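Data first, discussion second: the structure below is written as C-alpha cells.
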Amino acid sequence: MSVKSAKDAARAAGGRNAAEPRRTDSAARIAALEPASIRNIALIGHSGAGKTLLIEALLAANGMITRKGSIAEGTTVGDSDPAAVHQQRSVTLSLVPLMLDDTKVNLLDTPGYPDFIGEMRAGLRAADAALFVVSAVDGIDATTTALWAECAHRRLPRAVVITRLDHPRADYDGALAECRKAFGDGVLPLYVPVGSGGERTGLLGLLSGTVTDYSAGESPATRDAPADDAAEAADARGELIEGIIAESEDETLMDRYLSGEDIDTGVLIQDLETAVARGSFHPVIPTSAVTGLGTSELLDMLVRAFPPPTEADVPEATDLEGLHGRSLGCDPSGPLAAEVVRTSNDPFLGRICLVRVFSGTLREDSPVHVGGHGLADRGHQDHDTDERVTHLYSPLGATLRPVPYCVAGDLCALAKLGSAETGDTISSRDDPLMLATWEMPEPLLPVAVEADSRSDEDALARSLGKIAAGDPTMRVERNQETHQLVLWCMGEAHADVVMDRLREQGVKLHAVDVVTPLRETFAGPATGHGRHVKQSGGHGQYAVCDIEVEPLDRGGGFEFVDKTVGGVIPGTFIPSVEKGVRSQMEKGVSAGFPVVDVRVRLVGGKAHSVDSSDAAFQAAGALALREAAAAGRIQLLEPVSAVSITVADEHVGPVMSDLSGRRGRLTGTTSSGGGLTDISAEVPDQELLRYAVELRALTAGTGRFSRSYLRHDPVPSGFSPT
C-alpha cells in the first residue's frame, strides 16, 4: 500500500479516534506471518529530543493517523499513560507497530529521562536495533552517549535521526559534528537538508543525487538536485562512499574507487545495508516531525537496513532449576519462549503484559507456564504458575487490537495473566523454560510513605503490589527497625510517577521523612538495679536483679554472663533475666533504637519462693538495663555504607569535594578507562538519602554509584541524625 492510499484508507475508517475493526481479516493483517517480515526498533534519546513526535510523524506518513497528536494536549499515540500526560514526557515503554507493505515495524518508544532507564532497557531487550534520536536544537547529553556505548557493547545495529530541523535555533551541522564526536567515525549522513531562505524543505540523497521535496507537506516529490546543491554536497558524498566501501566485504572496491571508477549505486546501497545490519556503520537522516521532512527516507531505511529478528541472538534459556541450558532460535515452530517486558494495569482488563516472543508461537486460548526467578532482592519472590492465554492483542498506544497469534520475533499484549510480572518468562506448560533476565538498575532514592488513615493501609498494600509487579526498578521495603514503609525509586521523577499511580487507584497517602536506622550502645561500663515487686492480693510479683554492663568492640553483638553465687536467683529464672534484657535492647534505652555490642553480667539479685516468676524476672531484667543506661552514657551509632562511584574524569574534583562535605572517607580512586574514574568511599547512610539526585546534578546526569552496608560507627558529637 502506498503512503497516499494508506492515508485515504485511514480517513475512510473515521480518522484518528475511529474504533478498531475486530474482524479476523483485520487481525490477521496486523499479525506478522513470519520473523523475516518483522523489524523491532527501539527509539533512544534524551527527554525532549523528539522521539514521541517523530513516531507521530511516521504514523501520519504511513496513513495510520490523519492528524498528529500533541504532547501538550496529551493526544500522542505513544504517551497514553496518565502519568506521561501529566508530566508531558514519556515515563513508560510504548509499542507502536507500523505496517509497511508486507513488513511489520515495531517501534518501541522509550523514555529519555534517566529516572526511567529501566523502561529503556526493557525496550532494548525487546528490540533488535536502536534508532538514536538527537535534537538539532539541544544536541547530545551524556546519558545518550553512555547508552550508545551500551548498545555498541551488545553490537546492536544503530542509526541516528537528527530531529527538530524546523526550529529557528536548529543547527544541523553542529548536531552532526556532535554525533560524530560522541558516537565515532562510523556515523555518516545519507542525506543533507536543502532549502532556501533558511527553511529546510527537502533532502538531497548523497548516493542517489536527487532531492526529495517536502515543501508541499508529507507527500514529497522527487527531482534532480540543483547543480549548486550537488556541488556543495560533493565532499559529504565522497566521505559517505569511502565510508561504505571501507565496510564492504569486496576488498577490490576501494582500489576501483580510488582509480576513478564510478561504483554502481546499487552495489553501494547493498554494502550499506549489510554494514548497518552488522552494527559497524551508522547512517544519519535529518527529519522534522512538524513538516514531515525525512519521514519517507526514514521509513525506507527502517525496513531495508535494519535486520529481522532471525539475525539477532535469543537470550539464554534453561529449565526451571537453571541447570540445563537450552539453545533456542527465532523459529515460530520451536519451543515457546516469551518474556514480559512491561506490565500495566487497566481498570477494565486488569493486568496487561507487553510480551516479546523469542521462540515458538503464542496463540490465543492456549495454556502457558508463567515463571519469574532471580528478583527476590527487589521484593519479587520466585513464582511458577500455569495459566491460560485467553486473548492476544496488538497494542497501538492505548488501543488494543485483537490478533489470533504472535510468532517468534513479534510483540503482543496479553490481558488477565494474574501472576505475570515484568521480567517473567512465558513458555509451554508441558515444556517450561526460564530466560535469563536483563540487567535491572538498582533504585537508590528512598521515599517513606504513610497512609492517611488505617482504612487506606489495605488499599496501599494492594496498589503497591500491582505497581511493583510491573516496575522492577522500584523496591518496596518494610523496615523492621524504623517501622517505615520505604519505596526505593530511581529518582524524584520516578517517585512522583509512583505516587501519582497510587493516588489514581484511590489510595490516600503522603510522604514523610526517611528515618535512618540507628543503633545504641554503652560508651562505658555501667551498673543497673532492677526491682520488680508488686503485691495486690493473692500471688504477687517479686524479682530483683543487679547487672553490670560494658561495651564490646563494634560487631561484638551481645553477651550475657551469669556471675551470681549462692543461688540468690534460682537457675530457672536466669534465662528470664536474659530474655528481659534482650527485649529491652530491641526497644532501646535512650532514643528508641536497638542496643548492640554490649556484655551484660548478672551479679546479684533476690527471689521469693512464692511470688517470683518468669514474667517478674523478665520485667526486672529490662528495668535493670534501663537503670544502667540512665546511670551511664549512651552512644548512638549510625550505619555507614561502602560506596563505589563512577564519574567522568572532569567531574572527579566536584564529586570528591562533595563527599568530604557528606562526612565521607575516601578509600581510593582508580581509572577505569574511557575517560571514567571509579571512586571508593565510606559514607554515613544519613548523607546518602538524596545522593541519587544530587550526584546526577553534580555530573550532568552521567554519574552512577552503588552502595552496600559496611558497619555502624559512632555519631559525631553535636550531630543529630534523623
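None of the figures in this text is laboratory data; all of them are computed from the coordinates on show. Since the model is a prediction, treat every value here as computed from it, not as a measurement. So basically every Cβ, Gly included, is an ideal-geometry build from the backbone, and we count neighbours across all protein chains shown.
How far, in nm, would the chain grow between Ser455 and Asp713 when pulled straight, counting 0.36 nm per residue and subtracting the alpha carbon separation?
Details: separation 258, 0.36 × 258 = 92.88 nm, distance 3.94 nm.
Net length gain for the segment: 88.9 nm.
Computed extension length for His483-Ser660: 60.6 nm, one decimal, from 0.36 nm per residue of separation with the Cα-Cα distance subtracted. Taking only DSSP H segments of four or more residues, each worth -39500 (n - 2.57), what value at 222 nm results for the chain once the sum is divided by all its residues, to the nearest 500 deg cm²/dmol? Helix-only estimate at 222 nm: -8000 deg cm²/dmol.
Look at (i) 60.4, 199; (ii) 32.4, 117; (iii) 32.6, 121: the one that is Rg and Dmax of the Cα atoms in Å derived from this structure is (ii). Three semi-axes describe the equivalent ellipsoid of region 528-590; taken as square roots of 5 times the Cα gyration tensor eigenvalues and ordered largest first, they are 25, 15, 10 Å. Entry note, the chain: relative contact order of 10 percent, from Cα contacts under 8 Å with a spacing of 6+ residues. Subtracting the Cα-Cα distance of Asp102 and Asp500 from 0.36 nm times their residue separation leaves 139.2 nm of extension gain. Of all lysines in the structure, those lying under 29 Å Cα to Cα from Lys51, and not within fewer than 8 positions of it along the same chain, are Lys4, Lys7, Lys68, Lys104, Lys181, Lys466. When both region 577-606 and region 684-708 are represented by their alpha-carbon centers, they are found 37 Å apart.
If R0 is 60 Å, what FRET efficiency do you get for Asp649 and Gln535 from their C-beta distance, rounded to 0.05? Write out the running numbers ahead of the final one.
On the way: r = 76 Å, r/R0 = 1.26.
The formula returns an efficiency of 0.20 here.
Normalising the Debye intensity of region 614-722 to I(0), with uniform scatterers on Cα atoms only, and taking log10 at q = 0.12, 0.22 Å⁻¹ returns -0.53, -1.16.
Here the residues Ile574, Ile426, ranked from fewest to most Cβ neighbours within 10 Å of their Cβ, fall in the order Ile574, Ile426.
Over region 421-561, what is the relative contact order in whole percent, taking alpha-carbon pairs under 8 Å and six or more residues apart? Provide the component values of the computation, followed by the final result.
On the way: 179 pairs, mean separation 31.0, N = 141.
Once divided by the residue count of region 421-561, the mean separation gives 22 percent.
Approximating the spin labels as points 7 Å out from Cα along Cα→Cβ, the Ala697-to-Ala36 distance works out to 5.6 nm. Cβ crowding within 10 Å, taken as a proxy for footprinting-reagent exposure, orders Ile645, Ile352 from fewest neighbours to most as Ile352, Ile645. Overall, the ratio between the Cα radius of gyration of region 317-435 and 2.2 N^0.38 Å, rounded to two decimals, is 0.99. For region 519-632, the relative contact order works out to 45 percent when only alpha carbon pairs closer than 8 Å and six or more residues apart are counted. Exposure proxy shown here: for His494, His532, His383, the number of other Cβ atoms within 10 Å sets the order, fewest to most, as His383, His532, His494.
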